[in-house]
Amino acid sequence: MNNAFLSSDKNLAQFMMSLSGSYVYDKDGNPRYYPSLLTDNNNLVNVLLAGGKADIYQCRKTGPDACITITKRNNLSISQTNGIQNQIRKQLESILQKIATDQRLTRQQEGFLELIQTPVLKFFIDDLSANQTPDTSNYSRMIAVELLNQYLVSMLNVARQSLANTNNSQDDIALITRDIDNAKRFTAGLAENAIEALNNRNQLIDPQRKTTQQSTKEISTTTKPTPAYGN
């Protein structure tokens with residue numbers, strides 16, 4: 001549950017835990033495995049991204065290190081507003097507004113940009129320099145899937161490290177590895193349409209970027225510096 005992106009939304013964190021599966025340790029340090037609730041015919045991944053209803057695990061207590069008693073709840077929901085994709089879109093739009101008005105980014109915005117691998121700041125600046133409005137909808141889809149995969153990899157690493165420090169067999173590691181690999185299989189391709197749309201859009205506006213850059217270069221090379229007064 002300790003994840004910077006999820007810490008402010010316990011409901012979303014429990015959906016994520018239900019996707020990956022989780023080991024929970026009792027007071028004596030004995031692990032119990034709760035397998036992923038993702039099945040071949042449910043939409044848990046899409047619910048996380050865009051909102052909806054799904055079966056999830058729910059913690060009796062959700063404080064730090066307090067999720068040691070878990071129950072399965074049926075048909076719980078995440079609103080579209082609280083889905084990962086919409087949360088990221090709001091963050092991107094706030095960053096875009098700061099860039100467009102030449103304002104300093106907040107610490108939260110800087111932290112978000114450090115969290116993701118997509119160089120969205122550069123993309124935004126390039127789009128604005130070509131007098132184009134960045135496609136925050138497709139960027140948010142792409143980044144949401146990126147963060148989802150980032151979480152799954154992190155969850156697997158944490159589980160492996162935790163189990164390596166116990167006397168549990170390799171079968172225990174194999175269980176969560178299997179479930180997380182299966183979840184990653186579901187996320188594969190979810191961002192393909194968004195990436196394709198962004199690539200097509202970039203191809204269309206790339207000539208405008210080059211024209212703007214060329215015009216700027218020509219201005220800088222043809223404009224002579226003004227002599228200092230008195231020289």
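The values are calculated or read from the model by the stated rules, or taken from the named source; none is laboratory data. No experiment lies behind these values; they were computed from the predicted model shown. Heads up, the Cβs are rebuilt from the backbone with ideal geometry, glycines too, and the neighbour counts pull from every protein chain shown.
Can you spot a residue in region 61-74 that is touching a helix residue (DSSP H, G or I) at 6+ places or on another chain (Cβ under 7 Å) and surrounded by 15 or more Cβ atoms within 10 Å (Cβ to Cβ)?
no
Sort out which residues of region 119-132 are of a type outside the set (Phe, Trp, Tyr) and either farther than 19 Å from LEU148 by Cα or surrounded by 15 or more Cβ atoms within 10 Å (Cβ to Cβ) (or both), and write them in order of number.
Step one: filter region 119-132 for residues of a type outside the set (Phe, Trp, Tyr), giving 119-122, 125-132.
Selection gives VAL120, LEU121, LYS122, ILE125, ASP126, ASP127, LEU128, SER129, ALA130, ASN131, GLN132.
Got at least one residue in region 85-95 being modelled with pLDDT under 95 and in contact with a Pro (Cβ under 8 Å, 6 or more places away or on another chain)?
no
Looking only at region 43-56, which residues are of a type outside the set (A, V, I, L, M) and within 13 Å of LEU12 (Cβ to Cβ)? Let's see the steps before the verdict.
First, the residues of region 43-56 that are of a type outside the set (A, V, I, L, M): 43, 46, 51-53, 55.
Across region 43-56, the qualifying residues are GLY51, GLY52.
Considering only residues that are in a loop (DSSP other than H, G, I, E, B) and surrounded by fewer than 19 Cβ atoms within 10 Å (Cβ to Cβ), which ones fall in region 15-29?
Step one: list which residues in region 15-29 are in a loop (DSSP other than H, G, I, E, B), which gives 21, 26-29.
Scanning region 15-29 gives ASP26, LYS27, ASP28, GLY29.
In this structure, does ILE56 turn out to be modelled with pLDDT of 90 or more and not in a strand (DSSP E or B)?
Details: modelled with pLDDT of 90 or more: yes; not in a strand (DSSP E or B): no.
Judged against the criteria, ILE56 is not a match.
Let's see how each residue does on (1) over 22 Å from the mean Cα position of the chain (by Cα); (2) not hydrophobic (A, V, I, L, M, F, W, C):
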site: LEU121; (1), (2): no, no
site: ASP135; (1), (2): no, yes
site: MET142; (1), (2): no, no
site: VAL158; (1), (2): no, no
site: ASP172; (1), (2): yes, yes
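Kindly list the number of the only condition in (1) hydrophobic (A, V, I, L, M, F, W, C); (2) at pLDDT below 95; (3) more than 30 Å from ARG32 (Cα to Cα) that fails for VAL145.
All conditions are met except number (3).
So which of LEU113, LEU190 ends up being touching a helix residue (DSSP H, G or I) at 6+ places or on another chain (Cβ under 9 Å), at pLDDT below 90 and surrounded by 14 or more Cβ atoms within 10 Å (Cβ to Cβ)? Steps first, answer last, please.
Numbers: LEU113 fails: at pLDDT below 90.
Selected residue: LEU190, the only one of LEU113, LEU190 that is touching a helix residue (DSSP H, G or I) at 6+ places or on another chain (Cβ under 9 Å), at pLDDT below 90 and surrounded by 14 or more Cβ atoms within 10 Å (Cβ to Cβ).
Can you tell me which residue in region 152-187 is modelled with the lowest pLDDT, limited to those that are hydroxyl-bearing (Ser, Thr, Tyr) and closer than 16 Å to ARG32 by Cα?
Taking region 152-187 and keeping what is hydroxyl-bearing (Ser, Thr, Tyr), we get 154, 162, 166, 169, 177, 187.
Subset that is closer than 16 Å to ARG32 by Cα: 162, 166, 169, 177.
Working: SER162: 74, THR166: 69, SER169: 66, THR177: 85.
Filtering first and then ranking leaves SER169.
Listed here are the residues, each with its yes/no results for (1) in contact (Cβ under 8 Å) with a residue 24 or more places away in the chain; (2) over 30 Å from TYR25 (Cα atoms).
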residue: ILE56; (1), (2): yes, no
residue: GLY63; (1), (2): no, no
residue: SER79; (1), (2): yes, yes
residue: ILE88; (1), (2): yes, yes
residue: LEU121; (1), (2): yes, yes
residue: ILE125; (1), (2): yes, yes
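It is to be established whether one or more residues within region 206-220 are modelled with pLDDT of 65 or more, under 30 Å from SER137 (Cβ atoms) and more than 21 Å from the chain's Cα centre (by Cα).
Filtering region 206-220 down to residues modelled with pLDDT of 65 or more leaves 206.
Filter once more, so that each one left must be under 30 Å from SER137 (Cβ atoms): 206.
Next, from what is left, pick out any that are more than 21 Å from the chain's Cα centre (by Cα): 206.
Yes, that holds for at least one residue.
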